Amino acid sequence: MPNRCDVVVLGAGLAGLVAANDLVAGGADVVVLEARSRPGGRVLQQTLADGRRVQLGGEVVGPHHLAYRQLVDELGLTLESSFTQIFGHDTHVLLDGREIVDSFGWLDKADQEIYLRCDDDFGRLASTVDPADPWSHPHARELDAISVADWLRSRGATPNVVRARRLAMLALAAESPERTSLLADLRKEATAPEPRFYDYDTWESLRVAEGSGTVIQQLALPVSSRIRYESPATHVRVTSGGCTVRTSDGEVFSSDAVVSALPVGPLRDITVEGVSDARLASLHSQRNARVSKVVYVYPDSFWERNDQNGSSYFEEGIIGGTWSQRDGILSALIPAERHGIFEGTPNSLVQAELLGEVERAFGPSTAAAEQVFINRWGVDPWTQGYITAWRPGDVMRVGPLHGTHEPPFYVCGSDQWVCGYMEGAVRTGRAAAAAALSGGWGGAEARTKWTA
Ligand SMILES: Cc1cc2nc3c(=O)[nH]c(=O)nc-3n(C[C@H](O)[C@H](O)[C@H](O)COP(=O)(O)OP(=O)(O)OC[C@H]3O[C@@H](n4cnc5c(N)ncnc54)[C@H](O)[C@@H]3O)c2cc1C
């Protein structure tokens, strides 16, 4: 592989692979530097002996994830319904006992009414936010300064209503509503056709039938000769006359442009020269929620025999929630605020304790797991997270440079979209490639073109 090319892409995750494919299609000579010995980053798939494909990272998408859906279509893969179509009820493991009921049915009637009113108010407010430019909102600073939980209380939410939102957010391993910027949450939901509180039907009702890891395999294939594995970038130097990228073993690649497709944590660990202080300050102040994923493998979905759909919410413990990945396979996430407790658990106890947790939701049959996969994404040096986290004040702190470029330094990756999902990786990967191509790699095209 030559050490001189048109564009160096940092990272062979979904965003980097999408960008590399589009750049190559546009006629660019590309080298992709990848720290790991595999492509895919936060998308990771394992095939079991019986042929079932297990997703250990990114898994499901929503109908409004148009860029991802188009990509799946272009690759000749298929989308099918996910866990949201499974028959049965949600399970809530509360401090005061287990409830098998949908839609937070353990709330009393008065609380349910307040919950629905807050949901409507949230949706209406989200409709006033432009997800591509939340900074232009007339009350951007105030909306960013307040947490989702404080806003709920200001709308008359009772402790139980805030508790329900907390359970919902921890189940998807987002940060708690007490630590989430209202503006960031509004911005995320403003991408949905009918904005309201995060909703599985909107965000998670589809999956790639062949597995989300198969998307990666297909994207990596056409650019395989251009990917340099086990080559973490450590130094990037950008000038209008050309760029250089140094890897950990001292090898230097020179190019006209650099496309960074790195998550925000690993990007902080490398030295970037020649990019404005304002841009680096913006990139370096982005957060990612440090999370782990656990996948339990069973012969079949035994929970369905008890009218449980596999979706659960845990008020206490290590797991935030579970969902049914596919037949007999249960996914679970350990949210950031419980991650420290998880990391402190001795290895000899981890599996038994994780099984004990799901037993509280689905009963003693959980002990019969054939396999338990544990992926500690939050402490993986090449990920350092899961999806973006926005504390109060973060949207203004990161500012309108979020998701934009400084040619010949282009930035993409799911963290550069509203939340850090696969949709964001595809949108920003494609946008970065288009910007680099239209700017002749180092041209003046500065704004990422992803839209709501
Ligand atoms: C447990 C889990 C569950 C998820 N579930 C979903 C889901 O159901 N739906 C959804 O839409 N999204 C989900 N996501 C998020 C989604 O997987 C990611 O947002 C998306 O895959 C990120 O793609 P990316 O290319 O931006 O970043 P990444 O996939 O993180 O790719 C970045 C690449 O850069 C490499 N790298 C890091 N540092 C260096 C370096 N110094 N030099 C070179 N290479 C480097 C990494 O190894 C990696 O390959 C989940 C994520 C996790 C972790």
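Side notes on the structure shown:
- For the chain: relative contact order, % (alpha-carbon pairs under 8 angstrom, 6 or more apart): 25 percent
- The figure for Lys188 is an accessible area of roughly 20 square angstrom, using a 1.4 Å probe on the protein chains alone.
- Look at the dipole of the stretch 1-142 built from charges on Cβ: of Leu71, Val7, Gly105, the Cα furthest out on the positive end belongs to Val7.
- Taking Cα centre as origin and charging only the Cβ of basic (Lys, Arg, +1) and acidic (Asp, Glu, -1) residues, the dipole magnitude of the stretch 332-402 rounds to 280 debye.
- Prolate/oblate/rounded label for the stretch 171-320 (Cα gyration tensor, a/c 1.5): prolate
- Whole-number accessible area per residue in Å² for the stretch 241-328, which is evaluated in the context of all protein chains at 1.4 Å: 33 Å²
- Positive-pole candidate from Val238, Pro39, Trp323, dipole of the chain, charges at beta carbon: Val238
- Per residue, the stretch 330-370 exposes an accessible area of 44 Å² to a 1.4 Å probe, with every protein chain left in place.
- Accessible surface of the stretch 104-203 [probe 1.4 Å, protein heavy atoms]: carbon and sulfur percent: 51 percent
- Gyration tensor over the Cα atoms of the stretch 9-115: the corresponding equivalent ellipsoid has semi-axes (square roots of 5 times the eigenvalues, largest first) of 40, 18, 15 Å.
- The stretch 311-452, accessible surface, carbon-and-sulfur percent (1.4 angstrom probe): 56 percent
- Volume per residue that the Cα convex hull of the chain spans, once the total is divided by residue count, Å³: 135 Å³
- By the Kirkwood approach, averaging reciprocal distances over each pair of separate Cα atoms, the stretch 104-203 gets a hydrodynamic radius of 13.6 Å.
- In the assembled protein chains, Arg430 presents an accessible area of approximately 60 Å² (probe radius 1.4 Å).
- Rg over Rh, two decimals, the stretch 184-224 (C-alpha only, Kirkwood Rh): 1.19
- Over the residues of the chain, the helix contribution to mean residue ellipticity at 222 nm works out to -9500 deg cm²/dmol, using -39500 (n - 2.57) for each DSSP H run of at least 4.
- Using a simple spin-label model with pseudo-atoms 7 Å out from Cα toward Cβ, Ala145 and Asn347 lie 4.9 nm apart.
- Mean projected area of the Cα convex hull of the stretch 278-367, taken over all directions, amounts to 7.5 nm².
- Leading residue at positive end of dipole, the chain (Cβ point charges), from Trp417, Asn347, Phe87: Trp417
- Think of each Lys and Arg Cβ as +1 and each Asp and Glu Cβ as -1; about the Cα centre, that makes the dipole of the chain roughly 920 debye.
- Relative to the dominant Cα principal axis of the chain, helix 159-171 is inclined by about 50°.
- Per-residue SASA entry for Trp106, accessible area with 1.4 Å probe, Å² rounded to 10: 40 Å²
- For the stretch 37-192, the gyration tensor built on C-alpha atoms gives an oblate shape. Its axis ratio a/c (a ≥ b ≥ c) is at least 1.5, and a/b is not larger than b/c.
- Rounded if a/c under 1.5, otherwise prolate or oblate - the stretch 144-230, Cα gyration tensor axes: prolate
- Total formal charge among the other residues, if their Cβ is under 10 angstrom from that of Pro131, Lys/Arg +1 and Asp/Glu -1: -1
- Cβ-Cβ FRET estimate between Arg98 and His64, R0 fixed at 35 Å, reported to 0.05: 0.60
- Where GluC sites (Glu not before Pro) in DSSP loops with at most 16 other Cβ within 10 Å are excluded, longest remaining stretch of the chain: 1-229
- Surface accessible to a 1.4 Å probe, per residue, for the residues of the stretch 104-203, Å²: 40 Å²
The values are calculated or read from the model by the stated rules, or taken from the named source; none is laboratory data. None of the values given here were measured: they were computed from a predicted structure. Because the Cβ atoms are built from the backbone with ideal geometry, glycine has one as well, and the counts that use them run over all protein chains shown. Surface areas here come from the heavy atoms of the whole protein model, side chains and all, with no ligands, DNA or RNA. Shrake-Rupley method; radii C 1.70, N 1.55, O 1.52, S 1.80 Å.
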